[in-house]
Amino acid sequence: MGTELAIRMRGVVKRYGPITAVGGLDLDVPIGTCVGLLGPNGAGKSTTMRLLTAQSIADEGEIEVLGFRLPDESKQARAQCGVTPQLDNLDTTLTVEQNLLVFAHLYRIPRTERHEAIERALVMAKLVDRRDSRVDKLSGGMRRRLLISRALVHRPRLVLLDEPTVGLDPQVRQELWALIDALRSSGTTILMSTHYIEEAQRLADTVLIMSHGKAVAAGPPSKLVREHAGGQALEVYGPPARLAEVEAEAGAAGMRTRRTGTSISILGVDGDGKVGFEGERRPANLEDVFVLLTGEEIA
Amino acid sequence: MAAVESRPARLGRLERSALTGVLVREVVNYSSYWRSSTFSSTVEPTIYLLAFGFGFGSLVSTIGGYDYVDFVGTGTVATAVLFSSAFPAMFGTFVKYSFQHTYDAILAAPVDTEELVTAEALWIATRAGVYGCAPMLVAMAFGLDPSWGMLVVPFIGFLAGYGWACFGIMTAGFAKSIENFSYIVSAVITPLFLVAGTFFPISGLPQWAQVLAQFNPLYHCVQLVRDAVFGFAGWVDVYHVAVLVAFGLLMWRIAIYAMERKLID
């Protein structure tokens, strides 16, 4: 189809008055991959998502979605995208099926294919036997599954998921992960924003870590961990005063540390060399990278 | 590959499929709230009709050559059109924008703000055209004689309702909070509603008020409905239609501007 990238952003800047929400972002999402936008609240993830549907217009930079240049050709791009917003905006007084019917029309599915598309979405959302239930009678997990399948009713080439599992319990979360993973296996391109590390680690082929509107690192999760946090970390536990000492001593010895709240993690303690601290060894993970790169405190 | 073939379809402005999408959403939603909506849009003007018709009607039997009930019965058609278009547009738009985030979902689909506003206004105008007939039907039960011109009344209601719907959407687009609506209701809608020739002819008003009434779309709607019911009066009705068309076009463009400012940042 003449393009290998589903999304291409170059030097994109978006300001709201004195606040720069996105400050020179480069982002590539190759077709057929799942890219995770990982960052703390306020890093600019949601603004990035809005830029991709031209609900925000960039002040500077280039954005291409499925080969269409934004904002001028955004409507063509939107016709082939599915979007799951962070905030549930289902029509709560309508039934499950009616919600899907409305979107089948909004996404211009021809009349002859509409019924089949709705059935497919019901199966995907596992809501076939709840098709006639009003949305305000559904559980939180069911609503979220409906919200995701609503975005897939027209078989989009690209799916934008903004914090797909925020505020849900672990059982519901793993259910949604299965849904997203199935979508990924079917070859659909996905851009997903999240601040759950595990979500990004499990689902994303590539992760882009954002902080203050910029990309601070990008790559496959395992590669990011190796590059930024090394192989092993040592967890040192103790009372707060002891942790502060450990942090200071390790820092003075040139070791990298990060706080976890209940312990200090000393990073890059690879090999079996003595570190001088008593603690538990564990493999380094994406959370270490995240905290290292986005800062220990969030303003 | 789960992708839809990329069609080289060129997507323009005000596309029918985009308008249809938004309209389908409204029609499907309407099935869940038509009772309350129909109640408020028809009962209120009917109460005005009965209160004025019988209250005033006992003092005044004819006005400007019409039976008073006939005069008010046709005048409150415009009231019903106003109430069933401006208010749902103001509150509905604000709620969908601010609380339900419906418009975020619609604008993520291949629908532009222009299409969204147009479709919403078309839908509200259609309802207003139908609801506007309620007082006329009630007046018929009280002796208003049927006429062929009455068949045009829903279309007059649609035309005026389109302008009022866009006015309501515009108001919601500019409003910072839903409380701001009180200013519009008290300072704009209430005066327009009273100085429209609904309950008394504007010829009894001071000269300046009569001049101002020419800028009141509701006045033109009242006159047009009366002429439709009792007999068209030639060019003056063309003038009334022209004012309503101009009102509709102006409000439509401003409503789109206001909503673009609100929805696209």
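List the relative contact order of region B:35-263 as a percent without decimals, with contacts defined as Cα pairs under 8 Å and 6+ residues apart.
So the answer I get is 28 percent.
Below 8 Å between Cα atoms, with a sequence gap of 6+, how large is the relative contact order for region A:231-283 in percent? Please report the intermediate quantities before stating the final value.
Working: 78 pairs, mean separation 27.9, N = 53.
Relative contact order here is 53 percent.
What full-extension length gain, to one decimal in nm, is calculated for residue A:28 and residue A:185 as 0.36 nm per residue of separation minus the Cα-Cα distance?
Working it through step by step, the gained length comes to 54.6 nm.
Report the one residue of B:146, B:105, B:205 whose Cα lies farthest in the direction of the positive end of the charge dipole of the protein assembly as shown (charges on C-beta: Lys and Arg +1, Asp and Glu -1; origin at the Cα centre).
About the Cα centre, the residue reaching furthest to the positive side is B:146.
Could you name the lysines whose alpha carbon sits less than 16 Å from that of residue B:262, not counting residues in the same chain fewer than 8 places away?
In chain and number order, the partners are B:96, B:176.
Please report the orientation-averaged projected area of the protein assembly as shown, defined via the convex hull of its C-alpha atoms, in nm². Provide the component values of the computation, followed by the final result.
Values: hull surface 130.8 nm².
Mean shadow area of the hull around the Cα atoms is 32.7 nm².
Going by alpha carbons, how many degrees (0 to 90, nearest 10) lie between the helix axis of B:68-94 and the longest principal axis of chain B?
Rounded to the nearest ten degrees, it is 20.
May I ask for the net charge around residue B:230, where only other residues with Cβ less than 10 Å from the Cβ of residue B:230 are counted and Lys, Arg are +1 while Asp, Glu are -1? Don't skip to the answer; put the middle values down first.
On the way: positive: B:226; negative: B:70, B:145, B:227.
Overall, the nearby charge balance is -2.
Give the residue from A:176, A:206, A:156 lying farthest towards the positive end of the charge dipole for region A:114-219; charges sit on Cβ (+1 for Lys and Arg, -1 for Asp and Glu) and the dipole is referred to the Cα centre.
A:156
Taking 7 Å along the Cα-to-C-beta vector as the label spot, tell me the residue A:123-residue B:205 distance in nanometres, rounded to one decimal.
That separation, rounded to one decimal, is 6.4 nm.
Can you give the FRET efficiency to the nearest 0.05 for residue B:188 and residue B:95, using r as the Cβ-Cβ distance and R₀ = 22 Å? Walk me through the intermediate numbers first.
Working: r = 20 Å, r/R0 = 0.93.
Efficiency for this residue pair is about 0.60.
What lysines does residue A:214 reach when the alpha-carbon gap must be under 22 Å and sequence neighbours fewer than 8 apart in one chain are set aside?
Once the sequence-local lysines are set aside, what remains near residue A:214 is A:14, A:45, A:223.
Which value at 222 nm does the protein assembly as shown reach when only helices count, each DSSP H run of 4 or more adding -39,500 (n - 2.57), with the total divided by all residues and rounded to the nearest 500 deg cm²/dmol?
-16500 deg cm²/dmol
Of A:112, A:165, A:290, which is farthest along the charge dipole of the protein assembly as shown in the positive direction, counting Lys and Arg as +1 and Asp and Glu as -1 at C-beta?
My answer, from the dipole projection, is A:112.
What length, rounded to one decimal in nm, is gained on full extension from residue B:13 through to residue B:140, with 0.36 nm per residue of separation minus their alpha-carbon distance?
Result: 41.4 nm gained on full extension.
Could you run the Debye sum over the Cα atoms of region B:35-263, one equal point scatterer each and no solvent, and tell me log10 of I(q)/I(0) at q = 0.10 Å⁻¹, two decimals?
Values, matching the q order: -0.45.
With contacts defined as alpha carbon pairs under 8 Å and 6 or more residues apart, what's the relative contact order of region A:5-224 in percent?
Normalised by residue count, the contact order of region A:5-224 is 30 percent.
Could you name the lysines in cross-link range of residue A:137, using Cα to Cα under 19 Å and dropping any fewer than eight places away on the same chain?
A:126
Most mobile of B:158, B:181, B:99 per a Gaussian network model of chain B (Cα springs, under 10 Å)?
The residue with the greatest mean-square fluctuation here is B:99.
Every number here is computed from the coordinates shown, using simple stated rules; none is lab data. Since the structure is predicted, the reported quantities are computational estimates derived from the model, not experimental observations. Counting neighbours? That spans all protein chains shown, and the Cβs are built from the backbone with ideal geometry, glycine included.
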